[in-house]
Amino acid sequence: MSVNVKDPQFGAKGDGSVDDSVAIQNAINYASSLSANPFAKYSATVYFPAGYYLISNSINITNKIGVWLVGDGGSYLNTVILGNTGSRPIFDFSGSSHSGCENFTFLNTGTPTASTSSVGVQFALTSTGGLNCGIRRCYFQLVDYPAANGGFGSIGILNVRSEEFYIHDCVVRTNTPLILSARSDISVIGATYTVSSAYQTVTSGLGSMGSPRLMALHFNRLRNASQPWYSSIRII
């Protein structure tokens, strides 16, 4: 069962100029109300045809079960998400289980400003969920923004205690490509950042992340000379 964000009842344009935030959110909300399996809480897949989708509000896929977002993969024609969500993640999966995304290119818009997206995709544990989520075949390129996120700069993929998490076949070009953290308050030399969600309360305190599975990844760290401690993967 698939829900297309460009269906007339949702109306996403994918032209790179019209803000598609509301249309995409409505499609996800509708998919979440459907059950693809009468014996389990799995919802419909949300499909994004090839195009450029401008996003000004963090897309809320929080506290869901079995919601999977799918773009069109391809070398020349694919699904591009243009993020203009500020410090909020472009896709927020906090508290979701058995959910994730594949076949997307994540970019942000223009030079660093307060509205430029500085986090690509976020997963986190909440009081209601955060298990068996993942991301496959995605490409991230967020601009060099070393002052963002408490000094971590632009972050491609962020996970706080979402257990049994996996990443397969992704390329990430950001200041900090990947953070896997066992706590929401993250601190290293030169950077301090507390992870939050606009839609849910991220579980605080120290805890387990289970066994993350990382396969076929390429991280290209955008390094700023004033922050030589940057590393491609932060496991905290």
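The values are calculated or read from the model by the stated rules, or taken from the named source; none is laboratory data. In this text the structure is predicted, and so the values were computed from the model without any measurement. When we count neighbours, we look across all protein chains shown, and the Cβ atoms used for this are built from the backbone with ideal geometry, even at glycine.
Kindly establish whether Arg137 is basic (Lys, Arg), touching a residue at least 12 places away in the same chain (Cβ under 8 Å) and farther than 22 Å from Pro49 by Cβ. Give the steps one after another, and end with the answer.
Values: basic (Lys, Arg): yes; touching a residue at least 12 places away in the same chain (Cβ under 8 Å): yes; farther than 22 Å from Pro49 by Cβ: no.
Taking the combined requirement at face value, the residue does not satisfy it.
Taking strands (runs of 3 or more DSSP E) that fall entirely within segment 82-175, which contain at least 1 residues that are within 17 Å of Ser197 (Cα to Cα), touching a strand residue (DSSP E or B) at 6+ places or on another chain (Cβ under 8 Å) and among the aromatic types (Phe, Trp, Tyr)? Outline the logic, then answer.
Values: elements: 100-102, 105-108, 119-124, 134-136, 139-141, 155-160, 166-174.
Result: 119-124.
Mind checking whether some residue in segment 94-116 is among the β-branched types (Val, Ile, Thr), under 25 Å from Val188 (Cβ atoms) and at pLDDT 95 or above? Walk me through how you get there before you give the answer.
Of the residues in segment 94-116, the ones among the β-branched types (Val, Ile, Thr) are 105, 109, 111, 113, 116.
Okay, now just the ones that are also under 25 Å from Val188 (Cβ atoms), so 116.
Then keep just the ones that are at pLDDT 95 or above; that gives none.
Among the residues of segment 94-116, not one is among the β-branched types (Val, Ile, Thr), under 25 Å from Val188 (Cβ atoms) and at pLDDT 95 or above, which makes the answer no.
Residues checked against (1) within 17 Å of the chain's Cα centre (by Cα); (2) within 20 Å of Pro89 (Cα to Cα):
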position	(1), (2)
Thr174	yes, yes
Ala182	no, yes
Gly190	no, no
Ser196	yes, yes
Thr203	no, yes
Ser208	no, no
Ser211	no, no
Leu217	yes, no
